[in-house]
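Undergrad: Questions regarding the structure given below will be posed in turn.
The values are calculated or read from the model by the stated rules, or taken from the named source; none is laboratory data. From a predicted model like this one, the values you see are computed outputs, not experimental measurements. In this analysis, Cβ positions are derived from the backbone assuming ideal geometry, glycine residues included, and neighbour counts consider all displayed protein chains. The area values use the complete protein model at the heavy-atom level, side chains included, leaving out ligands, DNA and RNA. Shrake-Rupley method; radii C 1.70, N 1.55, O 1.52, S 1.80 Å.
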Amino acid sequence: MHQSKLLTSKLRPPSLPAKWVPRPHLVDKLNDGWNFNRQLTLVSAPAGFGKTSSIAEWIKSRPELPVAWLSLEEADDDPIRFLIYFIGALKQVEANLGVEIDRVLQSGQLPPGEVISTTLVQQIQEHNSKFIFVLDDLQVIQDAYIHKLLEDLILHFPQQLHLVLLTREDPPLPLARLRANNRLTEIRARDLRFSRPDIDRFLKGVMGISLSDADLAILENKIEGWVVGLQLAGLSLRDRENPSRYIASLSGTHRSILSYLTEEVLSQQSNETREFLLHTSILERLNANLCDAVTGRTDSRQVLESLLDANLFLSPLDYEGRWYRYHRLFADLLRDIQKSQDEAGTAALHRKASRWYAQAKMTDEAIHHALAARDYTSAMELIESNALDRVMHGYAKTVYTWVNSAPEKWQTQSPRTNLAFAWMHLLRGSYAQASPYLERLEMLFSSSGINEKVKQSTRAEWLVMRSLILNMERKFPESLTCTSEALELTPLDDNRLLSLAYFGMATTYQALDDYDQAVEAYQKSIDYGKASHNPITEMMSISGLTQLALEHGQLHLAYEIAHP
């Protein structure tokens with residue numbers, strides 16, 4: 001994923017609604033944290049308490065402060081993807097922040113976390129002024145590498161950085177130490193709850209509803225200042241002749257109240273609007289063309305604008321008004337209703353979304369929706385087309401998650417995916433873990449269901465991997481036989497596979513101490529690697545050739561190779 005391909009909507013603070021109840025006590029508390037040089041602000045509360053809006057209001061009140069913002073989602077729970085977006089957010093503050101790390105990441109390499117954190121701290125320390133970095137929805141990050149990276153960053157905080165974490169649950173970070181050293185500002189659910197005056201201002205100013213003091217007291221007691229609950233209640237109360245009776249009828253847990261309120265809000269919409277809300281709730285992000293494709297409508301732009309005007313839990317994600325999202329809790333509730341009412345129809349909606357994303361070259365989203373639709377044929381075709389490239393660029397965890405979301409019979413029947421995971425283990429030096437994938441591939445060669453062209457290229461790649469294993473087993477003649485056969489099977493325009501084959505050949509010649517043959521093979525591997533934009537093979541070949549030159553006392557050659 002190159003920086004130019006990042007979803008810029010994830011790197012922008014959300015806009016506040018046109019009508020909003022100011023929370024000056026929260027702004028004051030956040031300003032105190034900034035003014036007292038506390039490096040970390042933690043905003044931790046369940047969904048629907050207004051965490052994002054509270055920080056957006058604070059940022060709006062401090063337009064002089066530079067802000068890096070990253071809205072996280074489940075797909076970001078992959079170290080390389082997380083870091084590329086993290087650096088992308090830093091670049092919103094200063095274009096040169098993180099450039100060294102960015103270059104390494106674009107090659108598909110994932111350095112140790114302490115190297116990344118040390119480099120980040122050094123680069124941030126060189127920045128001229130203090131800035132805010134917001135990580136929204138941090139609870140979706142569960143990867144231990146990312147948690148350790150954040151912990152290292154926090155333990156060696158550069159003074160220029162003020163980190164703000166928005167989460168539904170406390171992250172596994174050294175919060176107690178920060179708290180004890182007065183380096184932590186905490187905003188909890190109790191701080192975010194709307195008081196009775198807040199509720200009154202919200203209902204009057206935002207929803208246009210006036211309630212008696214008694215009704216306000218009952219509503220406050222039942223909703224407990226939960227912002228999303230108040231908004232749903234306000235939408236449900238509109239045009240009711242007897243609001244007191246309706247408020248008194250609310251009962252149950254927060255989830256059951258919100259589910260009930262959501263149903264009530266939907267019942268007040270036209271059939272077309274209700275259907276639009278339910279059908280588009282399967283989408284993490286919405287734009288007019290995507291909504292048209294999913295719903296079969298041609299007027300989604302107008303519908304989205306009307307939903308925004310009606311305050312129906314829709315927020316713009318960019319300044320141009322092209323991308324939106326529903327409030328996550330509202331979307332969850334809508335999805336529950338949609339799936340319970342029409343499971344087969346929900347799968348069809350996911351298939352339509354997958355096709356749209358595939359045509360838009362947004363592969364991750366296309367695969368996500370194909371898997372959600374249980375359309376494993378389409379999902380595995382997309383994975384097949386992208387797995388090897390993703391693994392070679394370091395996204396092994398993402399591919400692993402995709403594949404393991406499909407039934408086992410689909411996992412074992414995918415040649416390109418098996419190739420991808422075999423390469424992942426081989427390039428890490430885990431030869432034993434690569435063997436099961438190579439055995440599956442060998443079995444697939446006898447399958448009649450594989451296209452002959454695919455079978456030939458797959459076998460050529462399999463031979464290259466066999467040569468690397470044979471090389472490790474010091475079976476050098478057999479290894480060279482495999483690479484020679486692979487080169488015979490490889491089309492002349494398949495630069496990636498040619499690069500891999502010559503790399504396998506070069507390592508064998510190096511082991512045999514055949515200097516001239518090894519140099520020639522390494523050079524071909526580098527040239528073909530550059531032509532195929534295969535950074536891992538190119539880098540491994542450069543490393544191998546540099547080591548070879550050093551072993552033979554060719555210091556000038558080693559320098560020229562390592563510093564092109």
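Undergrad: Based on this model, can you work out whether LEU333 counts as among the hydrophobic types (A, V, I, L, M, F, W, C), in a helix (DSSP H, G or I) and touching a residue at least 40 places away in the same chain (Cβ under 8 Å)? Don't jump to the end; show me each part of the working.
TA: On the way: among the hydrophobic types (A, V, I, L, M, F, W, C): yes; in a helix (DSSP H, G or I): yes; touching a residue at least 40 places away in the same chain (Cβ under 8 Å): yes.
Against the criterion (among the hydrophobic types (A, V, I, L, M, F, W, C), in a helix (DSSP H, G or I) and touching a residue at least 40 places away in the same chain (Cβ under 8 Å)), LEU333 qualifies.
Undergrad: Restricting to the stretch 336-366, count the residues that are without any contact (Cβ under 8 Å) to a residue 40 or more places away in the chain, more than 19 Å from LEU277 (Cβ to Cβ) and among the charged types (D, E, K, R).
TA: The number of residues fulfilling the criteria is 2.
Undergrad: Listed residues GLN106, GLN125; which is more than 18 Å from LEU70 (Cα to Cα), within 20 Å of the chain's Cα centre (by Cα) and open to solvent by 40 Å² or more (accessible area, probe 1.4 Å)?
TA: Exactly one residue qualifies, and that residue is GLN106.
Undergrad: Still on this structure: Looking at the stretch 408-434, which of its residues are modelled with pLDDT of 80 or more and surrounded by fewer than 14 Cβ atoms within 10 Å (Cβ to Cβ)?
TA: ALA432
Undergrad: Right, something else. Read through the list (1) buried (at least 18 other Cβ atoms within 10 Å of the Cβ); (2) part of a loop (DSSP other than H, G, I, E, B); (3) out of contact with any Ser or Thr (no Cβ under 9 Å at 6 or more places or on another chain), then give the number of the only condition that PRO171 fails.
TA: (3)
Undergrad: Same structure again: Mind listing whichever residues of the stretch 506-536 are of a type outside the set (Phe, Trp, Tyr), under 18 Å from SER484 (Cα atoms) and touching a Gly at 6+ places or on another chain (Cβ under 9 Å)?
TA: ALA506, THR507, GLN510, ALA518, ALA521, SER525
Undergrad: Continuing with this model, one more query. Just one of the numbered conditions (1) open to solvent by 20 Å² or more (accessible area, probe 1.4 Å); (2) part of a loop (DSSP other than H, G, I, E, B) is not true of SER306; which one?
TA: If we test SER306 against (1) open to solvent by 20 Å² or more (accessible area, probe 1.4 Å); (2) part of a loop (DSSP other than H, G, I, E, B), just (2) comes out false.
Undergrad: What number of residues in the stretch 75-92 are more than 11 Å from the chain's Cα centre (by Cα) and β-branched (Val, Ile, Thr)?
TA: Number satisfying all stated conditions: 1.
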